[in-house]
1. Counting just the residues of segment 16-46 that are surrounded by fewer than 10 Cβ atoms within 10 Å (Cβ to Cβ) and of a type outside the set (Ser, Thr, Tyr), which one comes out modelled with the highest pLDDT?
2. Being under 11 Å from ILE51 (Cβ atoms) and either in contact with a strand residue (DSSP E or B) (Cβ under 7 Å, 6 or more places away or on another chain) or at pLDDT 80 or above (or both) is the filter here; which residues of segment 6-15 pass it?
3. Examine segment 44-66 for a residue that is touching a Lys or Arg at 6+ places or on another chain (Cβ under 7 Å) and within 22 Å of ARG23 (Cα to Cα), and state whether such a residue exists.
4. Of all the residues that make up segment 81-120, how many are among the aliphatic types (A, V, I, L, M) and either at positive phi or modelled with pLDDT under 55 (or both)?
5. Let me confirm something: among PHE85, PHE97, PHE90, PHE50, which residue is part of a helix (DSSP H, G or I) and touching a Leu at 6+ places or on another chain (Cβ under 9 Å)?
6. Pick from segment 47-62 the residues that are surrounded by 14 or more Cβ atoms within 10 Å (Cβ to Cβ) and of a type in the set (A, V, I, L, M): which of them is nearest to the chain's Cα centre (by Cα)?
Amino acid sequence: MVCIYLSLRVIGGINLYMSTSKRLVINLSETLYNEFNKALKEDCKKRSEFIREVIILYISEKKRLNKISEMEKGYREMAQLNLEFAEMGFASDMKEFKEYEAKLSESDLQDDNNSEKRRYILC
């Protein structure tokens, strides 16, 4: 086990770059420590800066996933209600459509000869 001592700025506040710092001790396995050092060299960053960015990314990703989970839960809870509304609307549309078709099937036109209305049934 390798022990790393880091001095990190407090993340809990609005300003991430406050002057208050907290010390963080991390225990890593040898292989994880080697991977960590390799990543530090690739990114050319200090340990504290690297860990701070990782923590910020982790927290923001966690918030994003929680938001997605809450939205998914909401959609599942509303699914039945939305289905009922859709069926009600469809039934209403079908009723109006049938009434419209009935009106179309019977047409009132004036007769040219004596101006009496004659009923024509369209087929």
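The values are calculated or read from the model by the stated rules, or taken from the named source; none is laboratory data. Keep in mind that what you see is a predicted model, and the values were worked out from it rather than measured. Heads up, the Cβs are rebuilt from the backbone with ideal geometry, glycines too, and the neighbour counts pull from every protein chain shown.
1. Restricting to residues being surrounded by fewer than 10 Cβ atoms within 10 Å (Cβ to Cβ) and of a type outside the set (Ser, Thr, Tyr), the top hit is GLU30.
2. LEU6, SER7, LEU8, ARG9
3. So the first thing to find is which residues in segment 44-66 are touching a Lys or Arg at 6+ places or on another chain (Cβ under 7 Å), and the list is 52.
Adding the requirement that they be within 22 Å of ARG23 (Cα to Cα) leaves 52.
Within segment 44-66, one or more residues are touching a Lys or Arg at 6+ places or on another chain (Cβ under 7 Å) and within 22 Å of ARG23 (Cα to Cα).
4. Qualifying residue count, segment 81-120: 1.
5. Working: PHE85 fails: touching a Leu at 6+ places or on another chain (Cβ under 9 Å); PHE97 fails: touching a Leu at 6+ places or on another chain (Cβ under 9 Å); PHE90 fails: touching a Leu at 6+ places or on another chain (Cβ under 9 Å).
Step by step, each of PHE85, PHE97, PHE90, PHE50 is checked, and only PHE50 is part of a helix (DSSP H, G or I) and touching a Leu at 6+ places or on another chain (Cβ under 9 Å).
6. Only one residue fits best here, namely ILE55.
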